[in-house]
Amino acid sequence: MSRALKLAFILDPLDGLKAYKDSSIAMMRAAAARGHQVWTMQRAALTWRDGAVSARALPIHLLAGDAPWYAPAGPEQALSLAGFDAVLMRQDPPFDFEYVTATWLLEDAAQAGARVFNNPRAIRDHSEKLAITEFPQFMATSLVARDAVDIQAFIDEIGDVILKPLDGMGGSQIFRVRKDDPNRNVIIETLTQEGARTIMAQRYLPQIADGDKRVLIIGGEVVPFSLARIPQAGETRGNLAAGGRGVAMPLTAREREIAEYLAPILWARGLLIVGLDVIGGHLTEINVTSPTCMVEIATQQGFDVAGLVIDKLEQACN
């Protein structure tokens, strides 16, 4: 039996979280069920002074319902992050300068002895769209560029592509563009902000009809089920935030091959929770900020992903 841990979760505003689907709440409930202390804090509350990174932290009780799903367990206190057994950075993008600043502060906290997951340097170094370029053997044909001439040439060559910004999430600003699309010029101008912003172009994968698969890796261990996010009729995007339907299913041989290859590499970098996006056997994203889909997999397949996260935290902290 693990000793009781004192865990801090850096989250989006608590009252905006949806308990029926939120992976962070699932993890906090799993931790509380084992007798661990759960504290929450906001990214905006992080401070550095005299070599120590602190934040105002709220201890909470986890409740069974959806609303409310928590109750304060005591007053908010300003505490050093090094005083927690582990700190979990679970705030959603956008990955803007404030997010980058938080990773710098969390890296300072780690150097002072705090255990921070995911590793803040690794979060900063793994662009969720660009990180796949380290593993081209698993990618669909892709281009990273900002000059319209290069993007137009790619569309002419491939014929049917997906264009997306490098800092989006939840399916935001993702466009399918065919060679004969009369709007292709304005789409490129809009996404690149007239050539000022780099974007990613990928060959369109018709297997999206079978789902954009979320494959989770927890502490170097591959979860044996994916969540296939299946687009609505007439929609290109499978993201749940864009109306996709989530269906949990066993990994295919190809999905397991990709995940097993990446798992030890990413865990060695301190990435405790990773969500791979795989379409038709092709790796399309490596999500490291706040990967989700734990609740859906647990509900539909009975695999306790959140419990596995706590298993790995207990191993790391004992």
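No lab work stands behind these numbers, since they all come straight from the coordinates. Treat the numbers as computed from the prediction; the structure is a model and nothing was measured. All Cβ positions, even for glycine, are placed from backbone atoms using ideal geometry, and neighbour counts span all protein chains on display.
Obtain the nm distance between the two label points defined at ASP147 and ALA73 by a simple spin-label model: each point lies 7 Å from its Cα along the Cα-to-C-beta direction.
Roughly 5.7 nm, to one decimal.
Using the alpha carbons of segment 141-204, what is the convex hull volume per residue in cubic angstrom, as a whole number?
Given the Cα convex hull of segment 141-204, per-residue volume reads 70 Å³.
Among PRO250, GLN152, GLN193, whose Cα projects farthest towards the positive end of the dipole of segment 144-300, with charges put on the beta-carbon of Lys, Arg (+1) and Asp, Glu (-1)?
Selected residue: PRO250.
Under a 5 Å amide H to amide H cut-off, with H placed in plane at 1.01 Å, what residues pair with VAL116 once short-range neighbours are removed?
Amide H neighbours of VAL116: VAL87.
Mind checking the angle between helix 148-158 and the chain's longest principal axis? C-alpha axes, 0 to 90 degrees, to the nearest 10.
Result, in degrees: 70.
Dipole of the chain, Cα-centred, from +1 at each Lys and Arg C-beta and -1 at each Asp and Glu C-beta, to the nearest 20 debye?
600 debye
Angle check, please: helix 253-268 long axis (alpha carbons) against the longest principal axis of the chain (alpha carbons), in degrees 0 to 90, nearest 10.
Roughly 50 degrees between the two axes.
Could you list, bin by bin from short to long, the percent of Cα-Cα pairs of segment 89-131 in 5 Å steps?
6, 23, 35, 23, 10, 3, 0
Mind giving me the FRET efficiency for GLN300 and ASP50? R0 is 30 Å, r the Cβ-Cβ distance, nearest 0.05 is fine.
0.05
Given the options ALA148, ALA31, ALA209, state which has the largest fluctuation in a GNM of the chain using a 10 Å cut-off (strictly under) for Cα springs.
ALA148
Say we join alpha carbon atoms closer than 10 Å with springs in a Gaussian network model of the chain; which of SER24, SER226, SER290 then has the biggest fluctuation?
Residue with maximal mean-square fluctuation among SER24, SER226, SER290: SER290.
Which whole-Hz ³J(HN,Hα) couplings does segment 38-49 yield from phi under the Karplus relation 6.51 cos²θ - 1.76 cosθ + 1.60, θ = phi - 60°, glycine and proline marked x?
Result, ordered by residue: 10, 10, 10, 8, 9, 4, 5, 8, 5, 9, 10, 7 Hz.
Where does segment 6-119 land on Rg(C-alpha)/(2.2 N^0.38 Å)? Intermediate results must be reported in sequence, preceding the final value.
On the way: Rg = 13.6 Å, N = 114, 2.2 N^0.38 = 13.3 Å.
Normalised by 2.2 N^0.38 Å, the Cα Rg of segment 6-119 equals 1.02.
Under 5 Å between amide hydrogens, which residues at least 5 positions from LEU283 or on another chain qualify, with H placed 1.01 Å from N in the peptide plane?
Counting only residues 5 or more places away or on other chains, the set is MET139, ALA140.
For the chain, what's the relative contact order in percent, using C-alpha pairs closer than 8 Å and at least 6 residues apart? Don't jump to the answer; show the numbers that get you there.
Values: 637 pairs, mean separation 57.6, N = 318.
Relative contact order, the chain: 18 percent.
When you have a sec, figure out the Kirkwood radius of the chain from all distinct Cα pair distances and drop it here in Å to one decimal? Kindly include the intermediate steps, with their values, before the conclusion.
On the way: mean 1/r = 0.0488 Å⁻¹.
Evaluated on the chain, it is 20.5 Å.
Are there chymotrypsin sites (Phe, Trp or Tyr not before Pro) in segment 1-59 that DSSP puts in a loop and that have at most 15 other Cβ atoms within 10 Å, and which ones? Intermediate values should be presented prior to the final figure.
Values: sites: PHE9, TYR20, TRP39, TRP48; in loops: TYR20.
Answer in residue order: TYR20.
Could you check the spin-label model distance between ARG3 and ASP15? Points 7 Å from the Cα along Cα→Cβ, value in nm.
So the two model labels end up 3.8 nm from each other.
When 1/r is averaged over all different Cα pairs and the result inverted, which Kirkwood radius in Å belongs to segment 262-318?
Mean inverse Cα-Cα distance, inverted, gives 12.7 Å.
Any chance you could give the angle, 0 to 90 degrees and rounded to 10, that helix 97-111 forms with the longest Cα principal axis of the chain?
40 degrees
Scan segment 242-318 for GluC sites (Glu not before Pro) in coil per DSSP, keeping those whose Cβ has at most 16 other Cβ atoms within 10 Å, and list them by number.
Answer in residue order: no site qualifies.
For a quick check: with amide H placed at 1.01 Å from N, whose amide H comes under 5 Å from ALA145's, ignoring anything fewer than 5 positions away on the same chain?
Here the answer is ILE199, ALA201, since their amide H atoms fall under 5 Å of that of ALA145.
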